[in-house]
1. Name the trypsin sites (Lys or Arg not before Pro) in the range A:1-90 that are in a loop by DSSP and that have at most 11 other C-beta atoms within 10 Å, would you?
2. Which whole-number percentage describes the relative contact order of the range B:285-414, with Cα contacts under 8 Å and a sequence gap of 6 or more?
3. What number, in percent, do you get for the relative contact order of the range B:169-324 if the mean sequence gap of Cα pairs under 8 Å and at least 6 apart is divided by its residue count?
4. Can you give the FRET efficiency for A:ILE222 and B:SER370, using 1/(1 + (r/R0)^6), R0 = 45 Å, r = Cβ-Cβ distance, to the nearest 0.05?
5. Is the range A:306-411 rounded, prolate or oblate when judged by the Cα gyration tensor, a ≥ b ≥ c being the square roots of its eigenvalues, rounded requiring a/c under 1.5 and prolate requiring a/b larger than b/c?
6. Taking 27 Å as the cut-off for C-alpha to C-alpha distance, list the pairs among A:LYS253/B:LYS258; B:LYS134/B:LYS198; A:LYS286/A:LYS355; A:LYS161/A:LYS331; A:LYS233/A:LYS405 that go past it.
7. Just the number: Rg to Rh for the range B:296-391, Cα atoms, Kirkwood Rh, two decimals.
8. Scan chain B and hand back the longest stretch that contains none of the GluC sites (Glu not before Pro) lying in DSSP loops with at most 10 other Cβ atoms within 10 Å.
Amino acid sequence: MDLSLNGMNLHIVETTKYKTNTIVLHIKSPLAKETVTKRALLPYILQSGTKSFPTRQEIRSYLDELYGATLQVDVGKKGENQIITFRMDVTNEKYLNKQTPLLEEALKLLAEILLKPITENGVFTEAIVANEKRNLKQRIHSIFDDKIRYANMRLLEEMCKEEPYGLSVWGYEEEIDAITPKLLFEQYNKLLKNDEIDLYIVGDVTPEKIEAVVKNSFSFPIERQPFQTEETKQIKKAQETVIIEEQEVKQGKLHIGLRTNTTYKDNDYYAIQLFNGLFGGFSHSKLFINVREKASLAYYASSRFESHKGLLMVMSGIEFENYEKAVAIIKEQLINMQKGDFSEKEIAQTKAVMKNQILETVDVPKGYVELLYQNAVAKHSRTIEDWLQGIDRVTKEDMIKVGQKITLDTIYFLKGKEGK
Amino acid sequence: MKQIMFEQLNETLYHKTLDNGLNVYILPKQGFNKTYATFTTLYGSVDNHFIPIGAKEPLKVPDGIAHFLEHKMFEDEDGDVFQLFSKQGAQANAFTSFTRTAYLFSSTTEVEKNLVTLLDFVQHPYFTPESVEKEKGIIGQEIKMYDDNSDWRLYFGVIENMYVNHPVKIDIAGTVESIDQITKDLLYTCYETFYHPKNMVLFIVGSIDPEEIMKLVIANQAKKTFKEIAAIERIFADEPPTVANKKQILKMAVHTPKCLVGFKEKDPNKQGQDLLKHELCINILLDLMFGQSSNNYATLYNQGLIDDSFSFDYSAEKGFGFSIIGGDTKDPDQLVETLEEMIQTFIQKPLDDNMVKRAIKKKIGTFMRSLNSPEYIANQFTRYQFNAMNLFDVIGTLENLTKEELEEKAKGHFDPKMFTVCQVLPK
């Protein structure tokens, strides 16, 4: 069930599959250099204290009291948008022989976290802001410490220099010091006014009851005027860029970015999904078989498709000296697939695992919400049925056609230091 | 076929021990699209010294061989088993831990075919010298991937610190040098010894008909013959009740230092209900000490000594066990000092009744949440079974824990003699 309530989009999925009920709140706004760092801080500030639970510890104690309800915050990217996410999960009291309405309590708490933060002098408290600024710096550092994540971030930075998508959703360390509680609070007010908010509730629930709780608890202090989604612009580059960097690593991290020029809204979307699946999405894929199984160059060699920006990212961990060999094999696989060098059997195999993946995703509450949220981001609805039928209908010609739209943009390679 | 009901959880479990010794468990889950099955042997990286089936003398095998064997099982005369699974719309995988090797698939269609594929490929070893050599390149890269992963190095570093003799201190995948010694004959020896149905558990969970599935498994197993085996003889050297190293520092290309502290288990031979109670107690104690609602967490967080990466965990299997606490930190030595102080203060004070009740409530809720996951149920149930415990006893055991038991366990486990530290520092 979907409806608009208090300026938010409320989505309720009724199911008896689970022993818990899940709440997901997505807050979306266009990625921009001026706001990205402040917005990366906001969810962490909000989960640190409310009017009735002034400290993080008090919020956490209350969650424990609700039979270990979970609350996680996160910041992510979909197309050219920065998404702030709150996720909660509470046990269904039916399995506890208890009468406490745990889901209602959890919803009220989430509303309080979003709408009634603890303040001093009308803005966020100094101590909380200082703590979370420090933690954000740490979070930014931790990307560097995880070499696969780091290489992926560097690839996008280089590849999308001129596009919002190239921004890191965690923001920039050099901007953190200048952020004051007042500036943050202004950003928070903009969020309440302009960001598009989607609230998902999945579980064994009564929609009317949920609606009433949401209506009462989520009352915004200001008139909401949500923005529309930022449109993705497709860029064409004349030639491919190669970036090679050095660090003290033992294994080379090879990341390659391609532009498919196809996104979630397009008619050939299922075709690009299948193309990616057979190219590097699964263990029967061209990359897995040729880079790993045949050439024995890598443990992992795969590709991932980003639906809203339409990028396809290849990644593999290899010996430094195998760089040329690996790049050549990967390029060859792409060219062969663009030429149609794959069989009907392979297509059938890819369709089978892809449909399986969709059906498995909806078995997990958070997976289901993720799938539904794609519709909200793209403003284009695809039901589970659409997915299954859409995949089935794709032909070999569709895959070749969509494949020919793909161009290689940037190759990024992180290797060990010379002489070590 | 035995039927076991868990009324409060609204679950029914079906069980049968087949003639060849294989234990089969089936848990129907209505409403789920997917069926998930694991076929697990009680054989992991620690089983590196044993008497091979049919032999008299003990054999020591190269580090990483259980994991290597797991990789090689996916290949047969016709090629790669992954291919067959994906044709049948399934995702297949496997993992090797300290004590177990599990093969698994999940699928939403052709469940029966996939189940037969799982049983058949795990019960059909096929190794050639060429395929063994080729795999060395792939696993070599897997080892190097972990070599660059600072969290992984830190975690295994702290375990390595604890043990003098026990093979849990050896990396599960081995080293590039150790896997180079692996041959096709050694793989067959390990396979013959540890992949007997008597040493294995099959667990299937999903929207399935238990009667039909059991029939299918029985028919499949009846077609195969296995050598008669006595109990497997594993050899473990004595492990002294102290830690091997008090502290270890690893230098890596990181910006933020990382620090884990650990307590080695003193009495690692608990099994059954004894072990279940013990591990639930230590987990609750850790949560009381360092959970996000504790005073200690608030202090550490506000002092800037920890961040979101801070975590803690207790694991135990027959022969070893440990609790591990820590994460990223700006000041690793200050963190160690503060944690030590907090732990010593904690174990000397009586516990607060309300906080104990709240921690138990939280643990019950967390357990309920994990029952949403077919993967969790299959993997954990198997692990519990191999340690003579029952996953579905968790709630009952939690509800009956007392403050006094917890206080006693705290004094026993968090012993300064068993304390060790591992840090990753920027190069």
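1. Numbers: sites: A:LYS17, A:LYS19, A:LYS28, A:LYS33, A:LYS38, A:ARG39, A:LYS51, A:ARG56, A:ARG60, A:LYS77, A:LYS78, A:ARG87; in loops: A:LYS17, A:LYS19, A:LYS33, A:LYS51.
Taking the range A:1-90 and a limit of 11 other Cβ atoms within 10 Å, the loop trypsin sites (Lys or Arg not before Pro) found are A:LYS51.
2. On the way: 93 pairs, mean separation 28.7, N = 130.
Value for the range B:285-414: 22 percent.
3. Working: 65 pairs, mean separation 32.6, N = 156.
Dividing the mean separation by the residue count of the range B:169-324 yields 21 percent.
4. Working: r = 40 Å, r/R0 = 0.90.
About 0.65, to the nearest 0.05.
5. On the way: a/c = 1.97, a/b = 1.54, b/c = 1.28.
Judged from the Cα gyration tensor, the range A:306-411 comes out prolate (a/c at least 1.5, a/b above b/c).
6. Values: A:LYS253/B:LYS258 22 Å; B:LYS134/B:LYS198 31 Å; A:LYS286/A:LYS355 19 Å; A:LYS161/A:LYS331 23 Å; A:LYS233/A:LYS405 15 Å.
Violating the 27 Å limit, Cα to Cα: B:LYS134/B:LYS198.
7. Values: Rg = 16.7 Å, Rh = 16.2 Å.
Reported Rg/Rh, Kirkwood definition of Rh: 1.03.
8. Details: sites that count: B:GLU7, B:GLU77, B:GLU228.
The reported range is B:229-427.
Each reported figure results from applying straightforward, stated rules to the coordinates on display, with no laboratory input. Everything quoted here is computed from the prediction, not taken from an experiment. Glycine gets a Cβ as well: all are built from the backbone with ideal geometry, and neighbour counts include every protein chain shown.
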